[in-house]
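**Q** Pasting a structure here, questions to come.
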Amino acid sequence: ALLEERFEAVIARHERIEPRDWMPEAYRRTLVRQVAQHAHSEIIGMQPEGAWLTRAPSLRRKAVLLAKVQDEAGHGLYLYSACETLGVSRGELTQMLVDGRQKYSSIFNYPTLSYADVGTIGWLVDGAAICNQVPLCRTSYGPYGRAMIRVCKEESFHQRQGYELLMTMMGGTDEQRAMVQESVDRFWWPALMMFGPPDDASPNTARSLAWGIKRNTNDELRQKFVDMTVPQAERLGVTLPDPDLRWNEERGAHDFGEPDWDELTRVISGAGPCNAERIAHRRRAHEEGAWVRDAASAFARATKEPGRG
Amino acid sequence: ALLEERFEAVIARHERIEPRDWMPEAYRRTLVRQVAQHAHSEIIGMQPEGAWLTRAPSLRRKAVLLAKVQDEAGHGLYLYSACETLGVSRGELTQMLVDGRQKYSSIFNYPTLSYADVGTIGWLVDGAAICNQVPLCRTSYGPYGRAMIRVCKEESFHQRQGYELLMTMMGGTDEQRAMVQESVDRFWWPALMMFGPPDDASPNTARSLAWGIKRNTNDELRQKFVDMTVPQAERLGVTLPDPDLRWNEERGAHDFGEPDWDELTRVISGAGPCNAERIAHRRRAHEEGAWVRDAASAFARATKEPGRG
Amino acid sequence: GADLAAYCLGLGDDALVLSHRLSQWCSRAPDLEDDIAVANIALDLLGQARLLLARAAAADPAVVPVLAEGSPAPDEDRLAFFREAGELRCTRLVELEHGDFAHLVVRLLLFSTARLALLHRLAGTRDPVLAAIGAKGATEVTYHRDYAARWVVTLARGTEESRRRLLAALDELAPWHPEQLDAHPVATRLAQAGAGVDPAATAEEVEGVLAQVLAEARCSWPDVAPRAGVRGRTGRDGMHTEALGRMLAEMQVVARAHPLGRW
Amino acid sequence: GADLAAYCLGLGDDALVLSHRLSQWCSRAPDLEDDIAVANIALDLLGQARLLLARAAAADPAVVPVLAEGSPAPDEDRLAFFREAGELRCTRLVELEHGDFAHLVVRLLLFSTARLALLHRLAGTRDPVLAAIGAKGATEVTYHRDYAARWVVTLARGTEESRRRLLAALDELAPWHPEQLDAHPVATRLAQAGAGVDPAATAEEVEGVLAQVLAEARCSWPDVAPRAGVRGRTGRDGMHTEALGRMLAEMQVVARAHPLGRW
C-alpha cells in the first residue's frame, strides 16, 4: 500500500517510473503490451518499405530508403530493450509476434503498390505515428519515454524525407503526379485509422490516460493529425479523398468523414490485405535465422571454456 | 555364343535389337549411358529456355515457348521409357543425374542471357541436336530408334520456330538485330562443341559405330552442321564469329576454326558457367516433389485395399 | 462498350496472371507428368487470355495502351505488357506468389471451379465472341478442375505430411476465394443485359462443387474471414497485392525495353 | 579516358550489385543486429558505387546511356538503371542470387578481402578521385571484412549444422573467387600507367588473408576448379550469369517506366 501510494504520487506529479520502482501488475502488463506493439510495428514496418529497396528509381533514393529501414530496425532494437526492462525478453516478444499473440500497427497490413507509397508512408504514416508518439515522450515509464524521444527525432526526419519525395515527384511528370495522388487516396483512410477506434469504442483509453501511459485520446490525436495534414496536402497539390473534409470555423478545426470502422475491425482481427504475409515473412526470417543464433551461442560458450572450442 | 552370333547378325543386317533380345552387357551399358544422357539433356534443357517463359515479350511467343518446353518434358518422358526397357527405372536415372553420376549435353551449362537466346537455341542448338539425332533414328536398339523418330520430328519444328523468331527480330529494331548477333556470337562455339571432342580424342566412338549405336563420327557430324548452317546464317544476316570460316572448293565443305577444347573439358568436368545451378535446380525440384510422389503412392495403395483409405 | 471491355479485361487478366504463375512451375513439378500437365493448363489459360484481351480491345479501343508510333505490338500484347499493376483487373487469388504443390492444386481448384461455372453460363450469353470463349473454355477448364480435384483428394488422403500441407494451403487460400464470387457493378450491369455473367449467381453451384471435392478429401472448408480490401476496393477495382507488381516487373521487362520491337 | 571509365565501371558495378544483393536481406537477417549491420554494409557499398559510377561518367561521357531529351536523371542513375546486363562489368561472384546467411558471409568475405587489398593500393595511385575513393573505401571495407570473417569463424565452429552450411557455401562460392583476381587488359594497362590496380598483383595478399581466416575457422580452401567463361569472357567482359538479368529486371523497373521522372 505504501508502494502503491508512492507510485500514484509519481504519476500525479507527472514524473517517471523507473524499472526498479514498484509498479502495479496491470500497469506493467499494459506497458508491455503497448511497448511491444510499438516495437513490433517498427519491425513489421520494415517490410512494406523494404519491398521497394530493390526497385528504388535513383541511387540517392535507394540510399535514403536503406538508411530509413535501418533506422526502423534500430527503433525496434531500443523499444525491445525498453520492454526488457519490464521483464520480458526480446526472444519471448518475437515469439508472441510470430504466433499472433501480440499486435502491431494496423497500417502495415496494407500493401505498398508504387514507389510513391514510400513517400506517402513517410508523410502520412510517419506523420500519424509522430502525432501518436510525441506525447509519449512524456509517458510515465522512464525507459519508454526516453526511447520515444530518440524515435520521434528520427521519425520527423523520415517524415520530412517522405514529404520531400512526394514534392519532388509532384514536380515531375503527369504520371508521377497521378502516382502520388493514387497513393494518397489509398493511404489516407488507413492513416486515420492508425489512431485506433473512436473514443467511445476504446475501452482501455481511460485507464492508460489515468496512468499517464497515454496522454491524449484517439479522437484528439486524429483531429490534430487532420488539422496538421490538410495544409501540407494543399502545399503538395494533392486532394485528400474525403468529400466531407472542410474547415469548421466554429470548432477551429476540420470536420471530416468517417473511416470504415468495419474494415479496421477486420484488419485488426487478422483479415487485412497483408496480415498473413507480414507475419509469415517475420516468422520465416525468425525460423531461418535460428541455426545462426544457435551457432553464435554455441561458439560463445565454446570460446569461453578454456581448452575447448 | 549362339546368342552372340544372332546379335552380331542383326547388327550386321542393320536391323533392330529389341528389349527381349539377348545383348552383350557392354552394349546394354553403353546404350543406357547414351539414352539416359539424352533423356537428361531434354530435362535439363527445359531450364535455360524455361527461364524466359516469364519474360517472353509477346503472348504468341509465350505460347510457342510453353509448348516447346512442354515437348521437351515429353521427349524426356519417352526417352526415359526407352531406357527403362533396358532395365533401369526413371527414379534411378534421375538419382544418377542429380548425384552427378550421369551427364547431359554440355550446351545446357551455358547461360541464356537474352530473349534472342530462345531463337538461337532453336536454330543452332536444336539444329546441332538434329544433326546428331537423325542418324540415330536408324540406331540398332529398337525403342531408342523409334523414340528418336518422334523426337526428331518435333525438334525440326522447334528449329524452324527458333529460326523464325530470329528472322522476325532481324526485321525489327537495331537493338534487336544486335541482340541476335550477340546471342549467335555466344552460342556458336558451344554449339560446335555439342558434337563432342575431335575424333582422335573420342575413344568410345569406334565401338559405338561397330554396334550401330552411333552412325557417324563427331567430326563428320560437326562438318555437316557447319555446312548446313552457313547459308542459313547468311539468309538471316548474322555473322558467325569465326574468322577462319570459309568455303573450301577442293573439299566441297567449309573450313572452320578450332573450338576451345580446354573450355569443353572444363564444362564437361563440372566447371562450366551453369553446371552447378542446373543440377541444383533439378535436385531441388526432385527433392521438393518427394512428398507429393509419396502421397500419390500412399493414396494409390490405400484406395486399392478395400476397407481402407 | 466500356462495361464489356472492363468485363473482358477482368476475365482475361485472371487467365493471364494464373497462366503466368503456372508457367513459373515449369521444370519444378514433382514428376514429369505433372510438368507436362501444368504447362498444358498454363497454355490453355494463355489462349483464353488472348481471346479475352482481344475482345476487350475490340469492345473499347480506349482501354488499349498507346505506344510510340510505329510499334507493331498487337492489342493483346499492349494490354499484357504495357499496363501498370493498378490497371489490371484480376482477382487477388490468381496473383499470389506460388507456394508448394499443394498451394498450386488448391488455387487451381478454387479458380477452375469458379471459372467453370462462369464459362458454362457465358456460353449462353448474347455476345457471340464471349459465348464461343465460354463454350471452348468450359471444355478446357473441366480438365483443369478434374486435375486439381484429383490431386486435392490425393494429397488430403495420401500421407500425414501431404495432408498437413494440403490443409495449410487451404487455410492460406480460402480467404481469397470469396472475392471470385463478389458481385461487381460491371458484371451485374452486363448480366442484366444478358451479355455477361454475374459471378454471385454462380456462388451456390461453386460452393456445392467445392463441398463435394472437400468431402471426398475428408476436409472441411476452413473457418477464416475473407480478406479485406482497401475502402471496399479489391482486385477487380485495380487494388492488388504486392505480388502483382513484382510479377509484372519480370513479365514485362523485355517487351517494355523494346516498345518498337518485332517478335 | 575509355580505359579509366571501363575500370571505374567494373569496380562501381561490383559495389552496386553486391549492395543490391545485400539489400535483399533487409528484414530477413537472423537477428536485428545483423539486419542493421548488413544494411550498413549495403549503404557503404552503394556510396562507393555512386562515386565510382560518377568517376566513370566524368572519365568518358560516352559510357553514359543517352535518355530522351529533358530527362533529369543524373549520370549515376543513367548508368545504374539504363544499361542492359551485358553492359555491366561486375564480376560474376557479386551477382549470384543470395542463399542462406552462410552464403552471405562467405561471399562478403571473398569480396571484401579482395576489395580491401585493391582499395589500399588504389589510395596510392595517380587519379586523385580514385585515390580518395580508395582511402575512404578501405576504412569501410575493413569493417565489412571483419564482420564477415567473424561470422565465418563463428559458423564454422558453432554447431554441426552451421559448419555444414558454411562449408557448403564455401564450396559453392569458391569457384567464382578467382575471377576477382584475374588480370584484365584494362586494369593491366591502367596499372602500368599508375592509374589503377591490377587485381592479379593483390592475389598473394588476398590468398594470405583468406588462409588466415580459414585457419581460424578450421577449414581449408575447397579443391574446386574455377568457373569457366564463354570463350574466355567473364563478368568484366560483360559475360554474366542468368541471375544478373533477373536482378536488373526488378532493380530498373521503376526508373525505366519513368525515363523523364524526377525522384
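The values are calculated or read from the model by the stated rules, or taken from the named source; none is laboratory data. Here the structure is a predicted model, which means the values were calculated and not measured. Glycine also receives a Cβ, built like all others from the backbone with ideal geometry; neighbour counts cover every protein chain displayed. Quick note on the areas: whole protein, heavy atoms, side chains included, nothing else; ligands and nucleic acids left out. Shrake-Rupley method; radii C 1.70, N 1.55, O 1.52, S 1.80 Å.
**Q** In whole percent, and with a 1.4 Å probe on the protein chains, what portion of the accessible area of region B:1-114 is carbon and sulfur? Can you show the working numbers first?
**A** Working: 2250 of 4290 Å².
Carbon and sulfur: 52 percent of the exposed surface of region B:1-114.
**Q** Compute the distance from the alpha-carbon center of region B:89-167 to that of region C:248-263, in whole Å.
**A** That distance is 28 Å.
**Q** Keeping every protein chain present and rolling a 1.4 Å probe, give me the accessible area per residue for chain A in Å². Spell out each step's value before the answer.
**A** Working: 12720 Å² over 309 residues.
About 41 Å² of surface per residue is accessible.
**Q** What residue among A:264, A:180, A:142 has its Cα farthest toward the positive end of the dipole of chain A, where the charges are +1 on Lys, Arg and -1 on Asp, Glu, each on the Cβ?
**A** Selected residue: A:142.
**Q** While we're looking at this one, here's another question. For chain A, the longest stretch holding no GluC sites (Glu not before Pro) located in a DSSP loop with at most 14 other Cβ atoms within 10 Å is which? Mind dumping the intermediate values first?
**A** On the way: sites that count: A:15, A:249, A:250.
The segment A:16-248 is the longest one with no such site.
**Q** Could you please state, rounded to a whole Å, how far the C-alpha centre of region A:220-250 is from the C-alpha centre of region B:48-84?
**A** 56
**Q** If each label sits 7 angstrom from Cα along the C-beta direction, how far apart, in nm, is residue B:19 from its counterparts in the other copies?
**A** 7.4
**Q** Placing +1 at every Lys and Arg Cβ and -1 at every Asp and Glu Cβ, with all other atoms neutral, what dipole size does region A:1-151 have around its Cα centre, in debye to the nearest 20? Write down the numbers at each step before the final one.
**A** Numbers: 18 positive and 16 negative charges, 84 e Å.
With Lys and Arg at +1 and Asp and Glu at -1, about 400 debye.
**Q** Can you list the residues, at least 5 places off or on another chain, whose amide H is less than 5 Å from the amide H of residue A:141, using H built in the peptide plane?
**A** A:17
**Q** Quick one: 3J(HN,Hα) in Hz for region C:72-78, Karplus 6.51/-1.76/1.60 with θ = phi - 60°, rounded, Gly and Pro as x.
**A** Ordered by residue, 3J(HN,Hα) equals x, 5, x, 3, 4, 6, 4 Hz.
**Q** What residue of chain C sits with its beta carbon nearest the rotation axis taking C to D, and at what distance in whole Å?
**A** Nearest residue, distance rounded to whole Å: C:249, 3.
**Q** List the DSSP H helices in chain C whose Cα atoms stretch 24 Å or more along the helix axis and whose mean Kyte-Doolittle hydropathy is at least 1.0.
**A** Once both thresholds are applied, what remains is C:101-122.
**Q** Only protein chains counted, 1.4 angstrom probe. Which residues of region C:1-38 are at least 40 Å² less accessible in the assembly than when their chain is isolated?
**A** C:23, C:26, C:27, C:28, C:30, C:32, C:33, C:36
**Q** Compute the relative contact order of chain B as a whole-number percentage, counting only Cα pairs closer than 8 Å that sit 6 or more residues apart in sequence. If you can, show how the numbers build up before the last one.
**A** Working: 343 pairs, mean separation 58.4, N = 309.
Rounded, it is 19 percent for chain B.
**Q** Separation between the residue D:126 and residue D:250 pseudo-spin-labels, each 7 Å from Cα along Cα→Cβ, expressed in nm?
**A** 4.2
**Q** On to the next question. For chain D, what's the relative contact order in percent, using C-alpha pairs closer than 8 Å and at least 6 residues apart? Each step should come with its number before you reach the end.
**A** Numbers: 374 pairs, mean separation 65.8, N = 263.
About 25 percent, as a whole number.
**Q** Run the dipole for region D:48-165 about the Cα centre, Lys and Arg Cβ at +1, Asp and Glu Cβ at -1, nothing else charged, and hand back the magnitude in debye, nearest 20. List each step's numbers first, then the result.
**A** Numbers: 17 positive and 15 negative charges, 135 e Å.
Using only the charged Cβ atoms, the result is roughly 660 debye.
**Q** Taking a label point 7 Å from Cα toward Cβ, how far is residue D:225 from its twins in the other copies, in nm, shortest first?
**A** Result for residue D:225, in nm, nearest copy first: 6.1.
**Q** While we're on this one: Suppose all protein chains stay in the model; what accessible area per residue would a 1.4 Å probe give for chain D, in Å²? Before the final figure, lay out the partial values.
**A** Numbers: 9270 Å² over 263 residues.
Per-residue accessible area for chain D comes out at 35 Å².
**Q** Turning to a different aspect of this structure: I need the inter-copy label distances for residue B:99: point set 7 Å along Cα to C-beta, values in nm with one decimal, smallest first.
**A** 4.3
**Q** Also, quick follow-up: Amide H of residue D:234: which non-local residues (sequence gap of 5 or more, or other chain) have their own amide H closer than 5 Å, using H built in the peptide plane?
**A** D:239
**Q** Per the 1.4 Å probe, what fraction of the accessible area of region C:80-186, in percent, lies on carbon and sulfur atoms? Walk me through the numbers on the way to the answer.
**A** Values: 2000 of 3630 Å².
Its accessible area is 55 percent carbon and sulfur atoms.
**Q** Would you mind pulling out the separation of the Cα centroids of region D:185-216 and region D:98-118, in Å?
**A** Value for the Cα centre distance between the two parts: 16 Å.
**Q** Tell me: how much accessible area in total is hidden between A and D, 1.4 Å probe, Å², nearest 100? List each step's numbers first, then the result.
**A** Numbers: alone 15520 and 12240 Å², together 23620 Å².
Approximately 4100 Å², summed over both chains.
**Q** Separate question: Could you point to the residue in B:73, B:170, B:132 farthest towards the positive end of chain B's charge dipole, with +1 and -1 charges on the Cβ of Lys/Arg and Asp/Glu respectively?
**A** B:73
**Q** I'd like the Karplus ³J(HN,Hα) series for region D:228-234: coefficients 6.51, -1.76, 1.60, θ = phi - 60°, whole numbers in Hz, and an x wherever there's a Gly or Pro.
**A** 5, x, 10, 6, x, 8, 10
**Q** Cross-link partners among lysines for residue B:214, C-alpha distance below 29 Å, same-chain residues fewer than 8 apart left out?
**A** Correct list for residue B:214: B:68, B:103, B:153, B:224.
**Q** Using protein chains only (no ligands, no nucleic acids) and a 1.4 Å probe, work out which residues of region B:42-69 have their accessible area cut by at least 30 Å² relative to the chain alone.
**A** B:46, B:53, B:54, B:55, B:57, B:58, B:59, B:60, B:62, B:63, B:66
**Q** Debye calculation, C-alpha points only, no solvent: report log10 I(q)/I(0) for region C:31-113 at q = 0.26 Å⁻¹, in the same order as the q values.
**A** Those come out to -1.33, one per q.
**Q** Follow-up. Which of the aspartates and glutamates could be linked to residue B:62 by a straight reach, that is with a Cα gap under 13 Å, when you skip same-chain ones fewer than 8 residues away?
**A** In chain and number order, the partners are B:49, C:44, C:76, C:77.
**Q** Taking all protein chains in place and a 1.4 Å probe, what share, in percent, of the accessible surface of region B:174-261 do carbon and sulfur account for?
**A** Numbers: 2130 of 4210 Å².
Carbon and sulfur together cover 51 percent of it.
**Q** Give me the net charge of residue B:157's neighbourhood, meaning all other residues with Cβ under 13 Å from the Cβ of residue B:157; Lys, Arg count +1, Asp, Glu -1. List each step's numbers first, then the result.
**A** Numbers: positive: B:68, B:150, B:153, B:160; negative: B:71, B:72, B:126, B:154, B:155, B:164.
My count for the surroundings of residue B:157 gives -2.
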